[in-house]
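So the structure is just underneath, and the comments pick up after that.
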Amino acid sequence: MASLDVDRACVAELHDQAFRALRAALPAANLEAALRCSARLQAALPDRERLDRNLVLVAYGGGKDSSYTLAFVRAMQLILFRVHGTTFRMRVATNRHAGMPRVVLENVDRAYAALRLTGDPYCELLLIDGNEVAPFDVQTPQRDHVVRRNRLDILMTGHRTFGDGRPTFCNACNFSVANSFGLAASYGAGADLIITGDSEQEQRQYSLWISRLARRVGVGQPPKAPATPRAGTAPPRASTGARGAGRLFANLDRIAHSYFVDIHGPDAADTVAERRVAEVPQRLRFFSIYSDTQYAAGDHLDLLTGFLGFVFDDVAFSFTESDCGNPALMAHLRGLKCERVYQRSYADGMQEYVEFALDLMRKKDFPAELVELMRARYDGADAADRMRRAADDYALETFGLAEEQLVCLAYSPFAEKGAGLEEFLRREHADLAAHSADIHALLADQSRDAPELAEALARISGLELPQLRVLYRSSVRRPGSGTGTEVIDAVLAGDPHKAVIRTRHTQNGPQAFEQISGR
């Protein structure tokens, strides 16, 4: 990789200004940790003499933890420049999905400005939308095709799980994040190292889990050729013979293939292909900053909200997430399920989710003030109505989903040969209840045609007839059982973001245990 041809005096001045500003903002202990870690990082670089020949990748989602990581890696980059008169090149990549509110992109932009990354020839800032890679620009509008893709994944998975939070909103998104890592690592001449905050033990455990999961759900599913990428940026798919990082991404690709075939059906080849996980360069290695960044979660709030200009937006900051509004929809769906499916109250369901999510925040060592901020948001006599309106607005503006379609998702009436169809129609769409036999026939018979019924079902569900037919042939994960969807169950089995709660499945029924998941 060629070294940089830069105006050294101008770069030195820019780096000096950036270092002095960051040194004033970082606690002394964190700066000392960055000094120690920079020596370890230099030793891990492929070219330890010509530092500017090395490219280090930082994935930046715009949340509180990744913001601190970015500042820490920037400190290492500036420290090495002060010592050697040159430093590694840093590529920062942000994966944007439909659930990322505008304010998150603005947080990213403010962080770049505060750290003096914009205009630094040693820094490359990328924005990834689906399979498109482009230079970061805060004014870049959300991509319509990404919204459509996210919306479809939410509906198809949600209808298999009665709207359970993690599978509905996070499974497809997690594969998208992994794909963005691959795209960013492979872009141009490719990256040498990717920064992670996980310990080496956590990396080994994760890699082992992914390997086992790939063997379980990816048996007999060889990698397929990718769809033609948008803007010609997507690299080839991962090889099953890869090692290290390459093997991890190859296994993720196998899991993604199995997952999306299960969700969208074996005939949706193009839909599945565009959701695969990209290959990474064979030289790519992970570099952990974990041992030098063990800190209490509240230690860097001043750095975030002061120096980096981080804003905890009411939508963007939802429970354990500070870069995604979807957890608010998870609470909303729980409220709708309790109100419509269980015939209780919306407030009951929302409270069940809030208690679960606040407990998750505590387990993740969130600062007490952030836990209290979230608790207060959902507290008070008018909280349920206020948050319901906010969630409805967010769902409609972000995904084009009306409450009617979310209610349909909460019932999951079409999966498992329409097992819940009659009850759903009787309660929610009495005008169609008399046509339930015709609806069953329409969904079961690929050759059957009933335009008026198909149009009504599309309005109610947000899905077209071919997608409803896929659901009709698919299994459903029933509340209380925690099983019923082989691939979804396998993915969720290793996910820590779930708990068993006490609830009631009818208005005055006995207490029941139900596993719920979310963020």
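Restricting to segment 306-334, and then to whatever is under 16 Å from L360 (Cα atoms) and small (G, A, S), can you tell me which residue is nearest to the chain's Cα centre (by Cα)? That would be S322. For beta carbons closer than 6 Å, sequence separation of 6+ or different chains, a first residue in segment 61-88 that is more than 13 Å from R23 (Cβ to Cβ) and at pLDDT below 95 and a second that is surrounded by 22 or more Cβ atoms within 10 Å (Cβ to Cβ) and among the acidic types (D, E), the qualifying pairs are G61/D323; G62/D323; G63/D323.
When each of R110, R116, R149, R166 is tested for being modelled with pLDDT of 95 or more, closer than 30 Å to F356 by Cα and surrounded by 15 or more Cβ atoms within 10 Å (Cβ to Cβ), the lone residue that passes is R149. Restricting N179, N174, N150, N131 to residues that are under 30 Å from A391 (Cβ atoms), free of Cβ contacts under 8 Å to residues at least 12 places away in the same chain and either out of contact with any Phe, Trp or Tyr (no Cβ under 6 Å at 6 or more places or on another chain) or among the polar types (S, T, N, Q) (or both) narrows the list to N174.
Against the test of being among the β-branched types (V, I, T) and closer than 27 Å to D348 by Cα, the options V470, V491, V476, V487 yield a single qualifying residue, V476. Just to be sure before I move on: is D393 outside any helix (DSSP H, G or I) and out of contact with any helix residue (DSSP H, G or I) (no Cβ under 7 Å at 6 or more places or on another chain) in the structure I sent? No; evaluated as a whole, the condition is false for this residue. Taking the condition farther than 22 Å from F414 by Cα and not polar (S, T, N, Q), does R504 pass? Answer is yes for this residue.
Restricting attention to segment 220-251, the residues that are at pLDDT 50 or above, under 29 Å from R469 (Cβ atoms) and not in a loop (DSSP other than H, G, I, E, B) add up to 0.
If you go through segment 20-35 and keep only what is among the charged types (D, E, K, R) and either surrounded by 12 or more Cβ atoms within 10 Å (Cβ to Cβ) or in contact with a His (Cβ under 8 Å, 6 or more places away or on another chain) (or both), you end up with R23, E32. For first residues located in segment 382-408 and closer than 18 Å to C324 by Cα and among the aliphatic types (A, V, I, L, M), partners that are in a helix (DSSP H, G or I) and modelled with pLDDT under 95 and lie 6+ apart or on another chain with Cβ distances below 8 Å form the pairs M387/A328; M387/R377; A390/A328; A391/A328.
Confirm whether R459 is farther than 18 Å from K417 by Cβ and among the basic types (K, R). Answer is yes for this residue.
The values are calculated or read from the model by the stated rules, or taken from the named source; none is laboratory data. The structure presented is a predicted model; accordingly, all values stated were derived computationally and were not measured. Neighbour counts are summed over all protein chains in view; Cβ atoms, including those assigned to glycine, are modelled from backbone coordinates with ideal geometry.
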